[in-house]
Structure formats: structure tokens, C-alpha cells
Amino acid sequence: MGRYALQRLLGVIPLLFVVSVLVFMFLHLIPGDPARLIAGQDATLEEIMGIRQQLGLDLPLWKQYVHYMSNLLSGDLGNSIQSGLAVTDMLMSRVMPTLWLTFLSMAWALLIGLLIGVVSAVYRNRWPDYVGTLAAISGMSVPGFWLGLVLIQIFSVELGWFPTGGVDTWKSYILPSITLGMGIMSMLARYSRSSMLETLREDYIRTGRAKGMREYVVIGRHALRNSLIQVVTVAGLQFGFLLGGSVMVETVFSIPGLGRLLVDSILFRDYTVIQALLLIFATQFILINLIVDLLYGVLNPKIRYSS
Amino acid sequence: MTQHLLEVQGLETEFARGGGSVKAVAGVDFHIQKGEVLGLVGESGCGKSVTSLSIMRLLKDTPGKISAGSVRFEGTDLVKLPEKEMRRIRGNDLAMIFQEPMTSLNPVLRIGLQLAEPIMMHLGYGRKKAREHAIHMLRLVGIPRAEELVDDYPHQLSGGMRQRVMIAMAMSCHPKLLIADEPTTALDVTIQAQILDLMKSLKEEQDMGMLLITHDLGVVAELCDRVVVMYAGRVVEEASVHELFANPRHPYTRGLIHSVPKLRQKVRRLESIKGNVPDLSQMPHGCKFAPRCEFVMEQCLAEEPRLLPVEGLEERKSRCWLTQQENAEGGESA
Amino acid sequence: MSDNSTVMGAGSPLSGEVLPPVKTKGRIGEFVSKFCRQRMSLTAAGFIVLLLLIAVFGPFLTPYNPDEANYEVLMAGPSADHWAGTDEYGRDILSRLIDGTRLTLAVSLSAVFIAAVLGTILGLLSGFYGGWLDRLIMRGSDVLFSFPDLLLAIGIVAILGPGLSNVVIAVAVFGTPSFARIIRSVTLSAKETLFVEAARSMGAKNGRIIWRHIFPETVPSIIVNVSMKVGGAILAAASLSFLGMGAKTTEPDWGAMLSMGRDYLSIAPHIVYFPGIAIFLTVLAFNLVGDGLRDALDPKMKN
């Protein structure tokens, strides 16, 4: 396990490096002169030169990168072009809503997805399976932002059960989590179905039955534990899907999170903020994959006990 | 008339295939007495394993289904038994070990838990007592450091060790009948011999009956009291182990015996049976073995012979027109 | 025609039918479920054909001029005159939906088409030549994969600026790696098969081998993956339009219609409902067809 964990940890470093280079290059990929874009249409040459110097754009590229990285490592992500505020501070206040939202979405999606998948597999080719499969394909096909609007219209506007937006109470998170988790729930339902079907065909399942175990023990203890390893891995890999979706859902439900900030920054062309957010999202994605890898090691005794 | 430990009568198991179904087991009869080892022999695909799974009623998650016949275990017909009661017998009075020790143990559960499961279930032991019993069983099957091994996972053991664990698991509730489906096929030759010795000594200690399914006649000679030979889902010959090797009646049995290399004899080439087991959906009309039989007669193609007793011998049967002719002639001349 | 028959041998539906006798699921059950799913896929395919017809003949089918404002029926609910109601300018929503079919399908289909062409070329090169080219292409797709789909698209639009053509590019970019990976693996196995070696030994050039012998092998996988990706592409394009990064609000795009209707959600929810249903049904249809095709064409891709 120790070596496995170390390998995973070391494997992340080159990926983080590539991401940091890509995000750094982002400013340079924008067609045209970033300094001119930032300064605006009717800026004077002096103003543009000033911005260029301020951003260090007059230095050679590698120096710019070193500069960028040393700032980054000391927690300085620059200032917003739009508001002049420190980007780090802007991010701090917006991290928690996004984290809560993604966490809650993943939690229910994993739970319900597994349930549907297991029931579908156990009742394979009978009506619960068909209902489950149709539900899963539908959940995959529904546009997330539309689902959010429909939920708001029904449960907030018509019935008044939940707030239409914001993050004032715990209730505010319910509709957004349902919206955000829907796609991933469907995916997990389908995946856990096929994974369970595969597991149920294994020899050790037959052994379990030959021992006289009850069916729910065979399914719950023997089959599910094995499928869980794969399903959790896939769930983790789909986390990026949630990060992308959070942009959508935060917009629909007016949640002051990172995704909403990304949309606003893009619309206002606040490049330093966009850059910081891309870095955060990509890093988060990589770290989650790392956690999933480590979790896989913990769940799978073959890895846990290999020297 | 004494009651047999296991009595299989007219057992048929069908497999759904395409739109219709095929019979993988087509009317099988045999019995096992208390403490007796019966060998079930035949090439792969002849229905041996399906027969054993049918007896255990483990056809769930396969397209197979028992369509006729009865399986009487101590007088109770298992075919008609509700699943709940069947579960009480499985792993308890009627245990089974499988061919593939590498995949038959759950990779994510500790050996101890997997052993303790049937013990807690059938013997009603608590966690601690079940663990002690599990360790005891592991010692019984000759596993060193049993108290450490219970906390290991299957991947930490070799194939031979895993099969010992499987045997310990099957034996843990003192079964009256053990079904062993090719228990040594997947193992190295030296390990095979060890496992066979173990099974032999355990069987004698525990006085249990055994149904040994194998394609290996060496294993049969080593362990069995009587033998049933299966071909194409049917019993083609039944004999005591001595009779079978000394005087095989069915051409298929003869073929099987001749295809085993003999150590002392210098054989230029191995005689083996030509051709393959016919596909279940394309069975010949008459005797199912006729297309591969070197003694095939017209009658064989027209009509399938029945499994009839061979004259003058107890528990000796053959399904062949040839033996039945000999029988008739013998009867006339006598 | 001769190499076509060889192609069919590898991953054809017929070879998938030969199942081992034991350890498979119930055959009758499988047949019924296959038939059922096939019937669903067929219905879905019929729906897609209908959509394509609407996309082509849209202008002749609209009951009203989709761009004509009518201030007498602002945000009217569904009625006999306006089946799907009217929007905030009194424009007929059904007409706008019909008119928008073309744009919506054009954006997603062209994005997936570009992704398929790029991905197939990269996959063929990567699989056939191997070596540093293979490593370069696969590392590149790893990097793209390490960004979440929609975020990648948003990032690309952030660089290129908003607009439908940039949405096409963004969706195409994040679709390419999956094609490249799938085609690469098919190419690798096709490369080893006998007839390629035979063709090579007869002195055929690499380009000809790829085009005549390997590419046909990859076609089923391409078709399956295209049908599976279209649904996602429609959703991604609609999402970008909804965020104001895709279609302009004046363009009759389903996502843009939804985005506009959002402000009137509490007074006139039908403005939001109908475009959403249109998107949902279309994506559902493509996903069902993709599922059916995968089962029928490419049994190996089942997971």
C-alpha cells in the first residue's frame, strides 16, 4: 500500500506541471494582445504598456512562468481585472458553496445510482430492470439547467417548499443537488448494473450460494463489495462532470460559488480570475482522481496488502 | 430396502438457447450410499457439472432449469423443496467444492469470514466460536499457521492452499454428502496428489458420501467405489470401479480408458476417441455416441438403447445395443 | 467487395450471436430484452428521421413566421392557435422550435462530425505507426481528458469568444480524444489480422493499407461512438448557449430560447418547458439509438 500510494502521489506531479503550464499559457492563447484586451478599446499606449509591465508580459516567456509559479506557490493569484480585488480572496468566499453542492450531489447520486443499478441487475430483464434502464437513460438525456428551472418552477414558485436560489439555509442546497446529481446518478446506475451483472456471474458468488447463504447476503456482502470498488472508481472519475455541471447549476440557482464566478468572469473577460479558476478546477479534478486512486487501494485488498 | 443417501431419478435439466431450449441433462439416474464415493465421469460438455449444479439447485444466474425428475437426499426430494429449506441443506448436509480454487473464493473478504459464514449460519455459532471452528477446520485440512491465515485474503494463498480452504469450508458443517466438481483439475500434479490424499482421509474420518465429478480416470481409480459414466447428458454405463476398469461394457467407456496413458506400457500413440461431443442442439437420432463409435450398427442409428442392467451383476448397467445383444445371447444359451 | 466480407467477420452481429452454452443470461430473456430495446431504438431512430425532415423542411412547416412579434399575445399559454404558446415578444414558440431544429442539429452534428474525422485520423495514425507519434497523440488526449468536458468547452469559448461557431469548435475538441482512443484500439487489433499482412506482403503502400483495409474495420466503432456522442454534444451546446456563450438570443436555438425564457419562469413557465422538452426528447432519442447500435453492431464495446 505504501509504495502504491507513493507511486500515485508522484504520478500527480507531472500532471500538475502540465496543467500549470496550460493555465499559464491561457493568457497567451487569447487571440490578440492580452494587455490591450484588458486595457480596453480606447486605452492609450502608456496604459497598455503599464498593464504589460504589471502583468510581466514584457519578460521572456520562461521568466514569466517562473514568476507566475512563485506567486502561485505563495498563494498570490493576482488581482481581478474587473474589480481589482485579490483573486485569492474572491475564491475563498466562494469555495464552500461549490464544495457543499458537489459533495451532496455526489452523495445522493452514488446512493441512488447504486440502488437502481443493483436492483436492475438482480431483476435483470424483468420490469424493474426496464424501469431502471429507462430512468437512467432519461436522467442522462435531461438538460441539467432545464431540470433546475423546472424544479424551481414546481417546488419553489408553485409549492413554495424551497427557496428559488441563494445559499441561506440548508434547504437551498436540495434542488441544486438534485439537479447536479441527476446526470451522474444515471451514469452510475448503468455502470453499477453492468458491474453487478458481471460480479453475479463470478465463481465466488456460486460458492456463497453453495454455502447456503441468504440471497441478500450473497448480493449485499459478496457481490456488492466487489462491484463497489469499480463503481466508486468510476464515480470519482466522473467528478469532473460535476465540476462542469456546477457552473450550470450555480447559474440557474444563483449560488455564489466558483462555477458562477467562472461564468461571470468569462462574460466580463476577467482573464486573471478565469485563469485562477481553470487552475483550481483542473487541480481539484486531479486531486480527486488521486483520492479515488488511493481509495481504490484501500478498498481492494490485493493492493492494500502488496508489499 | 435401505434408503440411499442420494437418489437421482430421471433428472432433466434444460437450457434456454436462442428461442428454444436444449437438454444438457436428459434423464439421469444414479444413487449414492452412505459413506460411498461415486465417480461421475465423462468428457467436458457431457453434463456432469450441470448434474451437480442441479442437485445443489445452483442454476440461478444460468439459463438452466430442472425440467423433470427427482433428487432424493435422505428421502427428501430437493427438486420440490422451497428455496428457504434448500438453503438450510446447502453447505450443511450437502456441501460442494468447485473446480477453480483461484476464483471460487471472494477476493475482498478475509478467509476467516468466508469460512465462518456457513458455520454461523448452519451451526448457529457466535462470531468467536465460529472463528475457532474455522481455525480448527483449516488445521484439519493441513494448513499450517491456521490462526494467522484466517485473517488473510485469498490472493495471498496459492492455488493448492485455496482448494484446501474450499475443502475446509465445505467440510465445516460435517456434510453427509460432498459434491466435488473436478477438485484437482486446476492444480499442479504434486498438489493434486496431496489434495486427493486429503479428501480420501477426510472422507474416511467423517464417514461421508461423496460425488466426485472428474474427467480424470486416474482420480477415479484412486478414490471411487463406484463409477457412473456420462455421455451427452445421459448415463451410458454404471459399474464398480474394479469392474469398470477390468471389463468396460460401453464402447465410450472403453475409449476413455484407452485414452489414458499407462505408465508401464510402452505405447506408441495414445488411442483417443475420434470426433467431439455433439452439440446439444444437433443430437443424433439414435444412440448419441453412434457417430463416434467404432462398433456402430444400423440399429444404433435408428433407435437409442436404454440403460439396462448387465446380466448377473449387481449395480452394473450399460446403455448399448451391443451389451444388450450379448445379454440376450447369453440368456438364450444358458 | 471481397474485403468487405472479411470486415464483417470480426465484429458483426452474427458472430456476437454465438454464445457459450452456460454462464450467459437467460436466452429467452435476452432475446425479449434485445427485441424490446431494439423496438425502443427503432422508435427513437424514427423520431430522429422526423427531426431531420423538420430541419430540412422547417420553413415550410412553421404555422407562423418564427421571427414575427405579436404584441397582442405576449407570453400566452398553449392554446388552439398557438399549440406551444407564445414567448415574451408574442412569437409562436412551436414555429420557433421547428425553425430552431436546423440550427440545434447542425451545431451538434457538425461538432461530432469534426470530432469523428479528427479523432479517426489521429487514432488511425496512432495505432498504425505507433512509436513517438502514438505516445504524443495519446499523451495529448490524456491531458484533454484531465479537464472536465464542459469546463474544457467553457475554457475554449473563453479563449475564442462566444458564438455558435466557437461552440462547435469547443465541443469538437473535447469529443476528439474519445474517438482517437477507440479508433486506436480497433486499429491495433486490425493491424494484426491476416489480411493486412497479406496486403502488405503484396507491396501495398501504408496509406492504401490504412484506407482500404483498416479504416473499414473501424467504421462500426465510429458509427456507434458518433451516435453516442451526439446527445452529449446537443446538451453541451445548449448549456453553452444557456450560459450566454453560444447562440445569440436572437438566433432560434433551443438552448438560447430556454435562456431567454428563464426570466419569465414564474409568469410563463411554458416558455421554458417546451424548448427543454424538445432538447430532452432529441437527446434521449440519440442516446437510445446509440445504445441500440452499440448492442447490435459492436458487442465488444458492451461494458
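Where helices (runs of 4 or more DSSP H) sit wholly within the range A:213-301, those with at least 2 residues that are farther than 30 Å from C:Pro162 by Cβ occupy A:224-237, A:271-299.
Residue by residue, here is whether (1) of a type in the set (D, E, K, R); (2) outside any loop (DSSP other than H, G, I, E, B); (3) within 14 Å of chain A (Cβ to nearest Cβ); (4) touching a residue at least 24 places away in the same chain (Cβ under 8 Å) holds:
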position	(1), (2), (3), (4)
B:Gln9	no, yes, no, yes
B:Phe30	no, yes, no, yes
B:Glu43	yes, no, no, yes
B:Ile55	no, yes, yes, yes
B:Arg87	yes, yes, yes, no
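With respect to (1) at pLDDT 90 or above; (2) assigned to a helix (DSSP H, G or I); (3) more than 14 Å from chain A (Cβ to nearest Cβ); (4) surrounded by fewer than 20 Cβ atoms within 10 Å (Cβ to Cβ), the lone exception for B:Glu147 is condition (1).
A quick yes/no check of all residues on (1) closer than 30 Å to A:Val247 by Cα; (2) in contact with a Pro (Cβ under 6 Å, 6 or more places away or on another chain); (3) of a type in the set (Asp, Glu); (4) modelled with pLDDT under 85:
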residue: A:Asn125; (1), (2), (3), (4): no, no, no, yes
residue: A:Val142; (1), (2), (3), (4): yes, no, no, no
residue: A:Pro163; (1), (2), (3), (4): yes, no, no, yes
residue: A:Tyr173; (1), (2), (3), (4): yes, no, no, no
residue: A:Thr179; (1), (2), (3), (4): yes, no, no, no
residue: A:Met185; (1), (2), (3), (4): yes, no, no, no
residue: A:Thr199; (1), (2), (3), (4): no, no, no, no
residue: A:Asp203; (1), (2), (3), (4): no, no, yes, no
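Summed over the range A:118-150, residues that are small (Gly, Ala, Ser) and more than 11 Å from chain C (Cβ to nearest Cβ) total 3. Pick from the range C:120-146 the residues that are within 24 Å of A:Gln238 (Cα to Cα) and in contact with a Phe, Trp or Tyr (Cβ under 7 Å, 6 or more places away or on another chain): which of them is nearest to the other protein chains (Cβ to nearest Cβ)? Taking the candidates together, the pick is C:Ser146. Going through the range A:151-166 one residue at a time, which ones are more than 7 Å from every other protein chain (Cβ to nearest Cβ) and either crowded, with 19+ Cβ neighbours inside 10 Å or not acidic (Asp, Glu) (or both)? Those that are more than 7 Å from every other protein chain (Cβ to nearest Cβ) and either crowded, with 19+ Cβ neighbours inside 10 Å or not acidic (Asp, Glu) (or both): A:Leu151, A:Ile154, A:Phe155, A:Ser156, A:Leu159, A:Gly160, A:Trp161, A:Phe162, A:Pro163, A:Thr164, A:Gly165, A:Gly166. What's the number of the condition B:Ser201 fails, among (1) part of a helix (DSSP H, G or I); (2) closer than 30 Å to B:Cys293 by Cα? The failed condition is (2). The number of residues in the range A:123-149 that are β-branched (Val, Ile, Thr) and surrounded by fewer than 19 Cβ atoms within 10 Å (Cβ to Cβ) comes to 1. Can you tell me which residue within the range A:139-173, out of those that are over 25 Å from the mean Cα position of the chain (by Cα) and among the β-branched types (Val, Ile, Thr), is nearest to A:Ser254 (Cα to Cα)? The extreme case among them is A:Val157. Restricting attention to the range C:40-78, which residues are surrounded by 13 or more Cβ atoms within 10 Å (Cβ to Cβ), under 25 Å from the mean Cα position of the chain (by Cα) and among the small types (Gly, Ala, Ser)? Once the filter is applied, which keeps residues that are surrounded by 13 or more Cβ atoms within 10 Å (Cβ to Cβ), under 25 Å from the mean Cα position of the chain (by Cα) and among the small types (Gly, Ala, Ser), the range C:40-78 yields C:Ser41, C:Ala44, C:Ala45, C:Ala55, C:Gly58.
The listed residues are B:Asp188, B:Asp152, and the only one of them that is within 11 Å of another protein chain (Cβ to nearest Cβ), over 19 Å from B:Ser52 (Cα atoms) and free of Cβ contacts under 8 Å to residues at least 60 places away in the same chain turns out to be B:Asp152.
If you check C:Val186 against the conditions, is it under 24 Å from C:Leu243 (Cβ atoms) and in contact (Cβ under 8 Å) with a residue 12 or more places away in the chain?
For C:Val186, the condition - under 24 Å from C:Leu243 (Cβ atoms) and in contact (Cβ under 8 Å) with a residue 12 or more places away in the chain - is not met.
Per-residue answers, yes or no, for (1) within 24 Å of B:Gln33 (Cβ to Cβ); (2) surrounded by 12 or more Cβ atoms within 10 Å (Cβ to Cβ); (3) at pLDDT below 80; (4) not assigned by TED's automatic domain parsing to the domain that holds B:Ser21:
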position	(1), (2), (3), (4)
B:Glu237	yes, yes, no, no
B:Lys262	no, no, yes, no
B:Lys266	no, no, yes, no
B:Lys274	no, no, yes, no
B:Ser281	no, yes, yes, no
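In the range B:215-265, of all residues being assigned to a helix (DSSP H, G or I) and more than 20 Å from the chain's Cα centre (by Cα), the one that is nearest to B:Gln192 (Cα to Cα) corresponds to B:His258.
Here the condition is being modelled with pLDDT of 85 or more, more than 13 Å from chain C (Cβ to nearest Cβ) and farther than 23 Å from C:Ser241 by Cα; of A:Arg304, A:Arg225, it holds for A:Arg225 alone. B:Gly69 meets the conditions (1) within 8 Å of another protein chain (Cβ to nearest Cβ); (2) crowded, with 17+ Cβ neighbours inside 10 Å; (3) not in a helix (DSSP H, G or I) in every case but one. The failed one is (1).
Please enumerate the residues belonging to the range A:179-220 that are within 12 Å of another protein chain (Cβ to nearest Cβ) and hydroxyl-bearing (Ser, Thr, Tyr). Result: A:Ser186, A:Tyr191, A:Ser192, A:Ser194, A:Ser195, A:Thr199, A:Tyr204, A:Thr207, A:Tyr216.
Any residue in the range A:167-178 that is away from chain C (no Cβ under 12 Å), buried (at least 24 other Cβ atoms within 10 Å of the Cβ) and in a helix (DSSP H, G or I)? Don't jump to the end; show me each part of the working.
From the range A:167-178, those away from chain C (no Cβ under 12 Å) are A:167-178; that's our starting set.
Subsequent filtering for residues that are buried (at least 24 other Cβ atoms within 10 Å of the Cβ) retains A:175-176.
Filter again for in a helix (DSSP H, G or I), leaving A:175-176.
Checking the range A:167-178: at least one residue is away from chain C (no Cβ under 12 Å), buried (at least 24 other Cβ atoms within 10 Å of the Cβ) and in a helix (DSSP H, G or I).
Filtered by the rule that a residue be in a strand (DSSP E or B) and either within 12 Å of another protein chain (Cβ to nearest Cβ) or free of Cβ contacts under 8 Å to residues at least 12 places away in the same chain (or both), the range B:11-24 gives B:Thr13, B:Glu14, B:Phe15, B:Ala16, B:Arg17, B:Gly20, B:Ser21, B:Val22, B:Lys23, B:Ala24. Every condition in (1) at the interface with chain A (Cβ under 7 Å from one of its Cβ atoms); (2) part of a loop (DSSP other than H, G, I, E, B); (3) under 19 Å from C:Ile54 (Cβ atoms) is met by C:Phe280 except one, and the failing one is (2). Of the residues examined, B:Arg164 is one that is surrounded by 21 or more Cβ atoms within 10 Å (Cβ to Cβ), free of Cβ contacts under 8 Å to residues at least 40 places away in the same chain and more than 12 Å from chain A (Cβ to nearest Cβ). Taking the criterion of being within 30 Å of B:Gln33 (Cα to Cα), part of a loop (DSSP other than H, G, I, E, B) and at pLDDT 80 or above, the residues of the range B:283-324 that qualify are B:Cys287, B:Lys288, B:Phe289, B:Glu304, B:Pro305, B:Arg306, B:Leu307, B:Arg316, B:Arg319, B:Cys320.
C:Leu151 meets the conditions (1) of a type outside the set (Gly, Ala, Ser); (2) free of Cβ contacts under 8 Å to residues at least 12 places away in the same chain; (3) surrounded by fewer than 18 Cβ atoms within 10 Å (Cβ to Cβ) in every case but one. The failed one is (3).
Per-residue answers, yes or no, for (1) within 12 Å of another protein chain (Cβ to nearest Cβ); (2) among the aliphatic types (A, V, I, L, M):
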position: B:Leu78; (1), (2): no, yes
position: B:Pro82; (1), (2): no, no
position: B:Gly91; (1), (2): yes, no
position: B:Ile97; (1), (2): yes, yes
position: B:Leu105; (1), (2): yes, yes
position: B:Gly112; (1), (2): no, no
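The values are calculated or read from the model by the stated rules, or taken from the named source; none is laboratory data. Note that the structure is predicted; figures quoted are calculated from it, not measured. Reconstructed Cβ throughout: ideal geometry from the backbone, glycine too, with neighbour counts over all protein chains shown.
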